[in-house]
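Structure in structure tokens, see below.
Here, each number is a calculation from the coordinates, and none is a lab measurement. Given the structure is predicted, the values throughout are model-derived calculations rather than measurements. Positions of Cβ are backbone-derived with ideal geometry, glycine not excepted, and every protein chain shown enters the neighbour counts.
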Amino acid sequence: MSTETLEFQAEARQLLQLMVHSIYSNKDIFLRELISNASDALDKRRLAGLTDDRLRADDLHIAIEADQEARTLTVRDNGIGMSREDVVGLIGTIARSGTAETLRRMKESAESAELIGQFGVGFYSVFMVADKVTLHTRKAGEETGVRWESDGGGTYTMETAPDLPEGTAVTVHLRPADEEDALHDYADAWKIREIVKRYSDFIAFPIRMGDDTLNSMKALWARPRSEVGEEEYREFYRHISHDWTDPLETIRMRAEGTFEYEALLFLPARAPHDLFQRDARHGIQLYVKRVFIMDDTRELLPSHLRFVKGVVDAADLSLNISREILQQDRHIQLIRRRLAKKVLSTVKDLMTNDADKYRTFWREFGPAVKEGLLDPAEDHKAILDIASFASTAGEEPTTLADYIARMKDGQDKIYFMTGESRAQVENSPHLEAFKAKEYEVLLLTDPVDEIWAEAVGDYDGKEFRSVARGAVDLPAEEEVPEEKSGAYAPLLSWLGETLDGVKDVRLTTRLTSSPACLVSDADGISPTLEKMYRAMGQ
Ligand code: ADP
Ligand code: MG
């Protein structure tokens, strides 16, 4: 069988370069990445076996073999394996769009080191310690396997490999040992043991070396809270999220009774790049009695909380449960409501107990959370309770409660103005009368603000009111004196006839320094919304 030489995709080459030159000080993590991939492959194999008898496998596990003489380390699994196309598409390319996009941005900016620290590099991290990597894999159910090899340069080789067991074996040819650096001898059994214990203890399949099983396999969410350390939560978060930044907050829940479940949720510290893409993945994995069932479980959290990562382990579902059934399951709907409530109440706690974390959360996820205000079935009060907004009162965002506390005597509405940026909104002539009166105005600049502000109505009995609307009932918008309007009448009617699309031109006391401004009808749509509809072709 002939050997083929292929080129890595451009972004993949770029990432490999970074790996070969070791951008991370902590090289140990390559092993956790290989184990994490093996564990994912075992999950997939187990699931496939549920619906197809031929794919069923006994004793799903991970085996690590170290050879001090040859200076190799092999991580082997009897999981789903990869076809030839899989290897080209998954290993030869960076399939995760987020990573590819980050790399593209890196080319254009100087903040490379910072950016790269933000995402998991997965399989390629092995090139931090290897001068060559050999991968043998055979997809479950297929006849022949593939041998893949690369030194992390621009190319890799592939050839057909007969007689392989189903699953994957990654053999790392370790770079020559640094004499002084016994700490980083990855062919050393103790070193391997230590890394597995530290990073991969919770992995649900046995990780074996010789006759020993190195990990406890205990699901974090099933262990008493007092026994699980912060570092373990962080490692688990990395495993399920592929995010290398530590989570902002960890949430544990447990329900007993007729429908039992346990949940372990994480609020990430940064928004993923695809937060606002239609096909953005949701972060919840569903388990049934410790067994992984599916990820991207949209049924378990509303879409405005799609960024929350974690696991829900439900005791009373069938292992064969399908998405269709999930969608109709009354218990699942109940869990969804409770999880959503818990997430919001956790953020509320952050507001009082950890203002920095709260600010980070709202900066990263506020624009998504506010989408919940567009759903009539959601609890708008609970969302608005944790919201904060830029305001004319100062540089820092304000909560609605604080806004209300500052309201002037006689003010009974929450005034807001929407637009594209704070600067644009702040310079708007619409604000002048409010500035003069010292009425605070919320400055809303997220696209979603246009819509919810119109839809929600009120908070705590105080109506939301756009300052760009007609007849702003500022108590002091006085009548324009008769003689003045008389004098301006010819000018006003000339303007009315000349300006296309303008309904009416009148004198006002609402402006203090600008000569004129455009307002909408009190019951019309706001100018920004109008612009948005026009942009959407409506
Ligand atoms: P990620 O795990 O975040 O998807 P990786 O770079 O770690 O990214 O792996 C890329 C892909 O290669 C995986 O998504 C998986 O499809 C495939 N892969 C890697 N290792 C294995 C393995 N041991 N068995 C089967 N597929 C694997
Ligand atoms: Mg991976």
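With only alpha-carbon pairs counted, each pair once and no self-pairs, how large is the Kirkwood hydrodynamic radius of the chain in angstroms?
27.2 Å
Given R₀ = 35 Å, what would the calculated FRET efficiency be for K437 paired with A489, taking r from the Cβ atoms and rounding to 0.05?
Rounded to the nearest 0.05, the efficiency is 0.80.
How large is ³J(HN,Hα) for each residue in region 285-290, as worked out from phi by the Karplus curve 6.51 cos²θ - 1.76 cosθ + 1.60 (θ = phi - 60°), to whole Hz, x for Gly and Pro?
With coefficients 6.51, -1.76 and 1.60, one gets 9, 9, 10, 10, 6, 6 Hz.
Separate question: Quickly work out the T51-to-D279 label distance, labels modelled 7 Å from Cα along the C-beta direction, and quote it in nm with one decimal.
Each label point lies 7 Å from its Cα, and together they span 1.9 nm.
Could you pull out every one of the lysines with an alpha carbon less than 30 Å from that of K218, ignoring same-chain neighbours closer than 8 positions?
K27, K44, K139, K191, K197, K289, K309, K341, K342, K357
Oh, and also: Note down the nm distance, to one decimal, between modelled labels 7 Å out along Cα→Cβ at L334 and at D504.
In this crude label model, L334 to D504 measures out at 5.5 nm.
A further question on this structure: Percent relative contact order of region 38-77, based on C-alpha pairs within less than 8 angstrom and at least six residues apart?
35 percent.
Before rounding to the nearest 500, sum -39500 (n - 2.57) across all DSSP H runs of length at least 4 in the chain and divide by the residue total; then give [θ] at 222 nm in deg cm²/dmol.
Theoretical 222 nm ellipticity from helices: -10000 deg cm²/dmol.
Follow-up question, since we're still on this one. Each label point is 7 Å from the Cα along the Cα-to-Cβ direction; what then is the distance between the points at K289 and D379, in nm?
Output for this residue pair reads 3.2 nm.
Taking K and R as +1 and D and E as -1, what net charge do the other residues with C-beta under 15 Å from the C-beta of E7 add up to?
Surrounding charge for E7 is -3.
In addition: How do the peptides 349-360, 201-212, 163-174 rank, highest first, by the average count of neighbouring beta carbon atoms within 10 Å per residue?
163-174, 201-212, 349-360
Checking understanding here: applying a Kyte-Doolittle mean of at least -1.0 and a length along the axis of at least 27 Å (C-alpha), which whole DSSP H helices in the chain pass?
29-51, 330-353
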